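*Asks:* Let me begin by handing over the structure; questions about it come next.
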């Protein structure tokens, strides 16, 4: 029987020798590879922290001690060791184990995560709770070198250093986030990690060096002098008030155990342990891949070949990347900004052709938005390509630095709507609501991939203020693509199907579902108009008035939360008196709850936005006499 078969919780690790813990890590790594080969998921990041995960659970006393994984995409080894091994086959599937930490899933997940750079703030919160008598022990935050580039991490470290409370931050330095991390901080960390051996740079607390065995103690003193230039030199982290230990080998179980045990026994204030790891460690296809298999589909373990879904339609992301690159070839003022996601947003296509005009700011959406605002103020034409869920992180900058100044920043909002296996944490549900209420903002949504090409061209040509366009994850609907995107008239929609009984006014990529519902209703004798709004702001009020005047009912459909496009239409109709003429107006939006992970189709069905749901809404809203006439 394997060691892993005898582990039902972290408490079982206490009975294992250090050598057995090393062998256990090997078994956990093999288990992670086996699981993700069948489910898909975040492989490289999880493989990189196997030894670290085993060592933390062996040394600390979870769940009383609070282990907080930043982002959480590296938590698969943690889940295997905390009683969820038998359910890992359901990873990222409907009703299954989440791909991130989740409070409702396990007491070993004290804080939910899926966006980066939150762990240190949360750990400090638990620390204050402990010191005020709450039933919690030490707090341990594990944060990557990509996540620590975000300002929130430094705000938290500044506060923790000022308060001087005992807590632990483990910097998982694998020189990768999703794309390789960028910037001066990354160069600084690389400089630190080149200096060996072991390598205590400074006293963690009074007496720590003296507690080390002789060879390690002497190595620590030498490393501190090499890195800082003097025995009393201080690292950036020490300047923030942390005792700094490292760099340590994040794949050496003896080194990790010795470091964590010494830190736990001696720390009196905040401690940062700098562990150097390899993303994808122990699986050659991941280690040799450009993105270290950050996110993978199901794959063959022997070859590493991923089972990618085949489609004749292009992906929205690649359509955006190609169209923007073509626009940039025609206009030298076009530049682009991404927040650590060049391939995820399609900007790698433009970066390959125009590397000096694409800027990866790291996981720093706030900076990215204001940086783009500055470029817009200089006369450039910046496109900010950020997933909807991550754009939330830069909202104050959108309001204050872009909208208030009326600057022509173009926002390309990927992963709009429900995104599947990543679940509620990555849903693009709220951008329409939080952008459409900003003065001077133009807010668009692509109904299909051809419309996306037109919206890229429209945004490139628009210089009167901020403009955004949203589009979903995955493949388009297979419509005919134009040779070149055309500039749309601002605030004007289009009618795709003409009917007489009810009108479906769609905003965004649920347009194919509306057309399918219309076809099914036509078979019942119900005549349906299908219109593509294109704009949530400014609204096409002429189109809305026409639909309201000539139909018994008007139903808006969108892939977003309430308070978005439908709310804009309702407000216009109420204030203009349009409701006085008797049209029945309904809105179909995401419900007032978070939708859990499943396939996108299953998630939209759960949300009440399937073709069947649209059909039922039409049937219910039509006056009884219409049904009688069709019978």
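*Asks:* Given the conditions (1) more than 28 Å from residue 402 (Cα to Cα); (2) in the same structural domain as residue 439 (by TED's automatic domain parsing), which single one is not true for residue 466?
*Replies:* Exception for residue 466: condition (1).
*Asks:* Hey, another quick one. Could you grab me the full set of residues in the range 76-92 that are farther than 19 Å from residue 11 by Cβ and either in contact with a strand residue (DSSP E or B) (Cβ under 6 Å, 6 or more places away or on another chain) or buried (at least 20 other Cβ atoms within 10 Å of the Cβ) (or both)?
*Replies:* The answer is 76, 88, 91, 92.
*Asks:* Next up: Out of 329, 262, 336, which single residue is part of a helix (DSSP H, G or I) and modelled with pLDDT of 95 or more? Before the answer, list the steps.
*Replies:* On the way: 262 fails: modelled with pLDDT of 95 or more; 336 fails: part of a helix (DSSP H, G or I).
One residue alone meets the criteria, 329.
*Asks:* Condition first: modelled with pLDDT of 85 or more and either part of a strand (DSSP E or B) or not assigned by TED's automatic domain parsing to the domain that holds residue 276 (or both). Now tell me which residues in the range 222-254 satisfy that.
*Replies:* Of everything in the range 222-254, those that are modelled with pLDDT of 85 or more and either part of a strand (DSSP E or B) or not assigned by TED's automatic domain parsing to the domain that holds residue 276 (or both) turn out to be 243, 244, 245, 247, 248, 249.
*Asks:* Can you name the residue in the range 131-160 that is in a helix (DSSP H, G or I) and surrounded by 20 or more Cβ atoms within 10 Å (Cβ to Cβ) and is also nearest to the chain's Cα centre (by Cα) among such residues? Before the answer, list the steps.
*Replies:* Taking the range 131-160 first, the residues in a helix (DSSP H, G or I) are 131, 147-149, 151-160.
Add one more test, that the residue is surrounded by 20 or more Cβ atoms within 10 Å (Cβ to Cβ), and what stays is 147-149, 152-153, 156-157, 160.
Values: 147: 12, 148: 15, 149: 15, 152: 16, 153: 17, 156: 20, 157: 22, 160: 26 Å.
The extreme case among them is 147.
*Asks:* A follow-up question, please. Tell me which residues, restricted to the range 456-486, are over 19 Å from residue 435 (Cβ atoms) and buried (at least 24 other Cβ atoms within 10 Å of the Cβ).
*Replies:* Matches in the range 456-486: 476, 485.
*Asks:* List every residue pair whose Cβ atoms sit under 8 Å apart, with the two residues 6 or more apart in sequence or on different chains, where the first one lies in the range 610-631 and is in the same structural domain as residue 584 (by TED's automatic domain parsing) and in a helix (DSSP H, G or I) and the second, anywhere, is surrounded by 13 or more Cβ atoms within 10 Å (Cβ to Cβ) and at pLDDT below 70.
*Replies:* 619/627
*Asks:* Kindly indicate which of 364, 356 is assigned by TED's automatic domain parsing to the domain that holds residue 461 and either at pLDDT 95 or above or within 22 Å of residue 454 (Cα to Cα) (or both).
*Replies:* Values: 364 fails: either at pLDDT 95 or above or within 22 Å of residue 454 (Cα to Cα) (or both).
From the options 364, 356, the qualifying one is 356.
*Asks:* List the number of the failed condition for residue 556; all other conditions in (1) modelled with pLDDT under 95; (2) assigned to a strand (DSSP E or B) hold.
*Replies:* (1)
*Asks:* Could you pull out the residue among 271, 335, 296, 301 that is in contact with a helix residue (DSSP H, G or I) (Cβ under 6 Å, 6 or more places away or on another chain) and assigned by TED's automatic domain parsing to the domain that holds residue 376? Steps first, please.
*Replies:* Details: 271 fails: assigned by TED's automatic domain parsing to the domain that holds residue 376; 296 fails: assigned by TED's automatic domain parsing to the domain that holds residue 376; 301 fails: assigned by TED's automatic domain parsing to the domain that holds residue 376.
None of the others qualify; the one that does is 335.
*Asks:* Another question, if that's okay. Can we say residue 385 is closer than 26 Å to residue 432 by Cβ, surrounded by 24 or more Cβ atoms within 10 Å (Cβ to Cβ) and more than 18 Å from the chain's Cα centre (by Cα)?
*Replies:* For residue 385, the condition - closer than 26 Å to residue 432 by Cβ, surrounded by 24 or more Cβ atoms within 10 Å (Cβ to Cβ) and more than 18 Å from the chain's Cα centre (by Cα) - is not met.
*Asks:* Tally the residues that are part of a strand (DSSP E or B) and farther than 19 Å from residue 147 by Cα, restricting the search to the range 271-317. Let's see the steps before the verdict.
*Replies:* Taking the range 271-317 as the starting set, the residues that turn out to be part of a strand (DSSP E or B) are 271-276, 296, 299, 306, 315.
Remaining after also requiring farther than 19 Å from residue 147 by Cα: 296, 299, 306, 315.
Residues meeting the conditions: 4.
*Asks:* For the range 279-288, check the following and say yes or no: at least one residue is buried (at least 22 other Cβ atoms within 10 Å of the Cβ), assigned by TED's automatic domain parsing to the domain that holds residue 146, closer than 28 Å to residue 242 by Cβ and in contact with a strand residue (DSSP E or B) (Cβ under 7 Å, 6 or more places away or on another chain).
*Replies:* No: zero hits.
*Asks:* Do you know which residues across the range 530-546 are in contact with a helix residue (DSSP H, G or I) (Cβ under 8 Å, 6 or more places away or on another chain) and within 22 Å of residue 577 (Cα to Cα)?
*Replies:* 531, 533, 536, 537, 539, 541, 544, 545
*Asks:* Being buried (at least 18 other Cβ atoms within 10 Å of the Cβ), outside any strand (DSSP E or B), assigned by TED's automatic domain parsing to the domain that holds residue 606 and in contact with a helix residue (DSSP H, G or I) (Cβ under 6 Å, 6 or more places away or on another chain) narrows it down to one residue among 567, 517, 503, 509; which is it?
*Replies:* 517
The values are calculated or read from the model by the stated rules, or taken from the named source; none is laboratory data. Computed from a predicted model, the values in this text were never measured in an experiment. Positions of Cβ are backbone-derived with ideal geometry, glycine not excepted, and every protein chain shown enters the neighbour counts.
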